Amino acid sequence: MNQAKLALPKGRLMPDTSAMLDRARWGLSDYHEGTRSYRLSSQKFPGLAVKVFHEKDIPVQVAVGNYDLGICGLDWVEELLAKYPSAALVKLRDLGYAEGVVYVVAAGDGNRTELDGLRARQDTIRLVSEYPNLAEAYALKLRLRRFSVLPLWGGAEVYPPESADLALISGKMGTSTFNHGLVPVDTVLGYQACLIANRDRWEDNDLSELLASIEDGIVSRSTGNVDLSPPTSYLLSPISYLSPTPGLVRLALPDGHQQAATAALLNKAGIRIEDYPSPTGNRRPSVQDPTGVSVKVIRPQDMPAQVANGNFDLAVTGKDWVEDHLCQFPSSPVMELVDLKSAKVRIVAAVSNDLPVSDGYELRQFWSGRPHAVRVASEYVNIADKYARDNHFGRYRVIPTWGASEAFLPEDADLLIENTETGRTIAQHNLKIIDTLFESTGCLIGNKKGMADPGKSAIMNAIRDALRKGVEAA
């Protein structure tokens, strides 16, 4: 078999994918939950190059021809094709596991009306999702008069009804209710794990031996195609824009690994919030003190944009995401109010250890006159773009990633813009740091207009001052 390249998923699909390839007797090295290995070898196919990616990155990597084959959810394939319908992707087959549905959900109440009510709306209907391209395609298919789509990193279910009218989220088949009182009003896509190929590689290379082996490992559990016609219970609750409650301060707190440190600081500051962090995943914790504050738990990556557009007055996020936002929107109304001195990381530029450069200047000289553009991989796409411009790379291309960014170098990217606490993870992947862009810590941010609102400024200033004192007392 000729040299072939396969992209495998980490995260939700890893256990079932690993089990399937075990049944096919691939003898993959170190492909299991919790692994930090991104490059794998197969005893059965020693010439096969296997790399592990965040699932969302796999359709892009296969489409651009970096990989011949990939395994991911059909939802992320369709998300890519919704924007790039001519992308060089071929779906080869479903794999019989990780079945789900992309639902359209809204806040529920006792009264029901049909989807036609949405089409008659004259105001802007707000959709949020990790699937922004599918959300836009859905709104166009529904022929909404006016709509806006807000892309998110996650946690879309917490946005309706205050910050959005509809959310596209994934769930299991037959789900009738979601957290936070949401109900499905329509279905967009049924999906499961699937095997995909680059169209050109599929036509030009013989991959039959690999595909036959994968067939040997498949245990079909599919229940068949999902009926996407909305049943009666999926009729839409009336949606009306909820004007913000006068004087109510809306505070966004981070999910994920920052929760424990944030909760500890809030306690020191005397801000009493119940059920945060929540063992049940509650994204709407209650505030005991001070009064006049509502809280939602969202992704830190989404906070600067949410504060800028007025959905939140205050948020606890990282300076890295604030900087990424401001690189794209330098006139944004977002401002830092308090440096929380927590979650310290450095935002760095890293390259392969094999590259004979030690700083940005040497990198620019190294790539000067080279025939292809410098490939810069990062979750911080706007910071990466600014770094490439500031360092006068000339021809360059930013490759957005969703995590596991170290895996991209050196085969699929030339430079990585990444955060690191100690630098150990970067070194473990045969990379070296050649530049430190800035140090990032947790911070409280606010909207300049909100800070000047006489109905909110007293509470916002009280929260700011309390957190500042909590930091000083730490």
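The values are calculated or read from the model by the stated rules, or taken from the named source; none is laboratory data. Remember, predicted model here, so these are calculated numbers, not experimental data. With ideal geometry, Cβ positions are generated from the backbone for all residues, glycine too; neighbour counts draw on all protein chains shown.
Can you name every residue in the stretch 383-417 that is over 15 Å from the mean Cα position of the chain (by Cα) and over 19 Å from E362 (Cα atoms)?
I383, V398, E406, A407, F408, E411, D412
Inspect the stretch 160-183 for any residue being in contact (Cβ under 8 Å) with a residue 60 or more places away in the chain, in a strand (DSSP E or B) and more than 22 Å from the chain's Cα centre (by Cα) and give the result as yes or no.
yes
State whether the residues of the stretch 340-354 include one that is part of a loop (DSSP other than H, G, I, E, B), over 14 Å from S440 (Cβ atoms) and out of contact with any Phe, Trp or Tyr (no Cβ under 8 Å at 6 or more places or on another chain).
yes
What pairs can you find where one residue is in the stretch 349-363 and in the same structural domain as L416 (by TED's automatic domain parsing), the other is among the hydrophobic types (A, V, I, L, M, F, W, C) and surrounded by fewer than 17 Cβ atoms within 10 Å (Cβ to Cβ), and their Cβ atoms are less than 6 Å apart, with a gap of 6+ or different chains?
V357/F366
Can you find a residue in the stretch 78-91 that is touching a residue at least 24 places away in the same chain (Cβ under 8 Å), of a type in the set (V, I, T) and over 30 Å from T177 (Cβ atoms)?
The answer is yes; a qualifying residue exists.
Please note which strands (runs of 3 or more DSSP E) are completely contained in the stretch 1-76 and include at least 3 residues that are without any contact (Cβ under 8 Å) to a residue 24 or more places away in the chain and over 26 Å from A427 (Cα atoms).
none
When only residues in the stretch 106-115 that are of a type in the set (A, V, I, L, M, F, W, C) and outside any loop (DSSP other than H, G, I, E, B) count, which is modelled with the lowest pLDDT?
Per the criteria, the residue is A107.
Modelled with pLDDT of 95 or more, more than 21 Å from the chain's Cα centre (by Cα) and either in the same structural domain as L207 (by TED's automatic domain parsing) or surrounded by fewer than 21 Cβ atoms within 10 Å (Cβ to Cβ) (or both) - does that describe any residue in the stretch 68-84?
Yes, the stretch 68-84 contains a residue that is modelled with pLDDT of 95 or more, more than 21 Å from the chain's Cα centre (by Cα) and either in the same structural domain as L207 (by TED's automatic domain parsing) or surrounded by fewer than 21 Cβ atoms within 10 Å (Cβ to Cβ) (or both).
Just wondering, is there one or more residues in the stretch 370-386 that are out of contact with any strand residue (DSSP E or B) (no Cβ under 8 Å at 6 or more places or on another chain) and acidic (D, E)?
Taking every residue of the stretch 370-386 in turn, none turns out to be out of contact with any strand residue (DSSP E or B) (no Cβ under 8 Å at 6 or more places or on another chain) and acidic (D, E).
Going through the stretch 371-393 one residue at a time, which ones are outside any strand (DSSP E or B) and closer than 15 Å to T436 by Cα?
Passing the criteria: Y380, I383, A384, K386, Y387, A388, D390, N391.
Could you list, in sequence order, the residues of the stretch 91-105 that are closer than 21 Å to A19 by Cα and either among the β-branched types (V, I, T) or not in a strand (DSSP E or B) (or both)?
L95, G96, Y97, A98, E99 - these are the residues of the stretch 91-105 that are closer than 21 Å to A19 by Cα and either among the β-branched types (V, I, T) or not in a strand (DSSP E or B) (or both).
Sort through R25, R39 and tell me the only one that's more than 22 Å from the chain's Cα centre (by Cα), assigned by TED's automatic domain parsing to the domain that holds E209, farther than 22 Å from V219 by Cβ and among the basic types (K, R).
From the options R25, R39, the qualifying one is R39.
Could you list all residues from the stretch 145-154 that are of a type outside the set (S, T, Y), in contact (Cβ under 8 Å) with a residue 24 or more places away in the chain and surrounded by fewer than 20 Cβ atoms within 10 Å (Cβ to Cβ)?
R145, R146, W153, G154, listed by residue number.
Can you tell which of A63, A88, A106 is farther than 25 Å from L211 by Cα and under 25 Å from the mean Cα position of the chain (by Cα)?
A106
Would you check which residues across the stretch 305-330 are surrounded by fewer than 22 Cβ atoms within 10 Å (Cβ to Cβ) and modelled with pLDDT under 95 and list them?
N309, G310, listed by residue number.
Looking at (1) outside the structural domain of A139 (by TED's automatic domain parsing); (2) buried (at least 19 other Cβ atoms within 10 Å of the Cβ), which one does P46 not meet, given that it meets all the others?
(2)
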